Amino acid sequence: MTATQQDHPPEQPRVPGQAHSHGHSHAHAHGPAAPVSARLRKVIAVVLIPFAVAVLAGLVALWPGSPEHTTHGRSGLGFDQETAAGRVVKVEEVDCADVNAQPQAPTEPGQQGGGTAPGGGAGGATGSGGGGKSVCERATIEVTSGKDKGRTFPEIVQPNASRKFSAGQELKLSYAPKAPKNLQYSVSDVDRSFPMALLAGLFALVVVAVGRLRGVFALVALAISFGVLTLFILPAILQGSNPLVVAVIGGSAIMLLALYMCHGLSARTSVAVLGTLVSLLLIGVLGSLFIGWAALTGNTDDQTGLVHGLYPDIEIKGLLLAGVIIGSLGVLDDVTVTQTSAVWELREADPTTSRRKLYAAAMRIGRDHIASVVNTLVLAYAGASLPLLLLFSIADSGVGTVATSEIVAEEIVRTLVGSIGLVASVPVTTALAVLVVSADHAPDGGGANGGAPSGSAASGNAVNKGAVSGGGRGRGRRRKARAR
């Protein structure tokens, strides 16, 4: 028995009470995945290499040239404005009437709307003191970059404004060169560069500290994904390419680069790629069908309307579908990789299990994953649309009216189509992984059906089982002897 165990340690089953068996199983669970046969690697390559070549060809064919939207100058609308850096020099309180910024008194429940005279007693309800005065803030802003560096201008902040300024605060300024000199600069936003950079650094530190080398690869993959998005997907859409085609090609490139970089070039990763690809195709088909059926235009907010006004050739409906595909890609990667790893680890733990039992065990893991992922996706969309949901709640609209309005129906279609793709990815990926690990030949020439051990390895397993069984019977006879 000892010789058999030493000759065939990979096929030794886990037997409680044997230190050698326990130590080997522990190393098996945490070591690298067992290599698959050359025959199976060729089968996977036949499927994935043409797909990768097609993605590369699509990147080359649709790769954007020079950004034409910048060569024609800026439109001066929305985000398409010249900007400069600024800083708050000082903030002082002034009477709103003195700076011609008397705010309109808000009408509260139960309040009469008659007292609207600027200097009347009713107007004093909005003041901060006696005499009906309202106190505003006048911030002195200094331009700290560009050709007008050192120039200052005032910015009036009314009492009911949501944004307040403080001395020394860094700002982003909008510049309108064709406006009168005293109106050329205005505050567009707060400069959040430092807190955002600090948060990004903290995120990278946590990922590397916990994930170590795998965490480093994950950060590199994240940078590559962001690069594909900003260097290919967005410019290609701006140049008039079909947003759906661009999203499919760009998303596939992100998937291939991220998965293989984070999880290695292996059959396990290739199965996850195939499962993700099938699910993405399902999401694309369902999204195209229901976006058209529900007559969704995709033009439901100011940003989309501004893009459509600046670039009328962009297909807004295709942009909506592209967003559905890209938004589902990240969660799909997580689900498919988890399911593939589960199948591989279950197979390593019990190489003799049948396909049916292996699939059932992996699906039990997948069902738990489905419940958590779908709930996460729905809550993510609900959180992003919370102000919109609050507006409908204030309007006291019925559930049916809210759900079928285009602005909400768009989010519902986005959520449900993505969720269907996520749910479908679990059985699809699990089935692919089970087929791969079950159809594979063992590296030493073992059986192909289920990867069961053969020859002396099977004999070793039989010897071990006999030893366990015999040991049990021996202990039973000793107990009977003591009883007598």
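The values are calculated or read from the model by the stated rules, or taken from the named source; none is laboratory data. Remember, it's a predicted structure, so these values are computed and weren't measured experimentally. All Cβ positions, even for glycine, are placed from backbone atoms using ideal geometry, and neighbour counts span all protein chains on display. In case anyone asks, the SASA skips ligands and DNA or RNA and just uses the protein heavy atoms, side chains included. Shrake-Rupley method; radii C 1.70, N 1.55, O 1.52, S 1.80 Å.
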Inset, instruction - Would you mind putting 48-60, 137-149, 255-267 in packing order, based on average other-beta-carbon counts within 10 Å, highest first? - result: 255-267, 137-149, 48-60
Inset, instruction - State the Cα centre-to-centre distance between the range 175-218 and the range 347-365 in whole Å. - result: 46
Legend entry - Protection-proxy order for peptides 344-352, 367-375, each taking the mean of Cβ atoms within 10 Å per residue, highest first: 344-352, 367-375
Inset, instruction - Evaluate the distance, in nm, between pseudo-label points positioned 7 Å from the Cα of LYS164 and of GLN81 along their respective Cα→Cβ axes. - result: 2.4
Inset, instruction - Compute the length gained on full extension between VAL53 and LEU234: take 0.36 nm times their separation in residues and subtract their Cα-Cα distance, giving the result in nm to one decimal. - result: 63.0 nm
Inset, instruction - Classify the range 226-293 as rounded, prolate or oblate, taking a ≥ b ≥ c as the square roots of the eigenvalues of its Cα gyration tensor: rounded when a/c is under 1.5, otherwise prolate if a/b is larger than b/c and oblate if not. - result: oblate
Inset, instruction - Could you order peptides 192-202, 156-166, 406-416 by the average number of other Cβ atoms within 10 Å of their residues, highest first? - result: 406-416, 156-166, 192-202
Inset, instruction - Go ahead and run the numbers for FRET between ARG41 and LEU202, Cβ-Cβ distance against an R0 of 30 Å, rounding to 0.05. - result: 0.15
Inset, instruction - Note down the nm distance, to one decimal, between modelled labels 7 Å out along Cα→Cβ at TRP293 and at LEU222. - result: 3.8
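Could you count how many Lys pairs in the range 147-245 have their Cα atoms under 21 Å apart, skipping same-chain pairs fewer than 8 positions apart?
8
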Legend entry - 5 angstrom amide H check on VAL190, placed H, neighbours 5+ away: LYS172
Inset, instruction - Tally up the carbon and sulfur contribution to the accessible surface of the range 219-277 as a whole percent, 1.4 Å probe, everything protein left in place. - result: 79
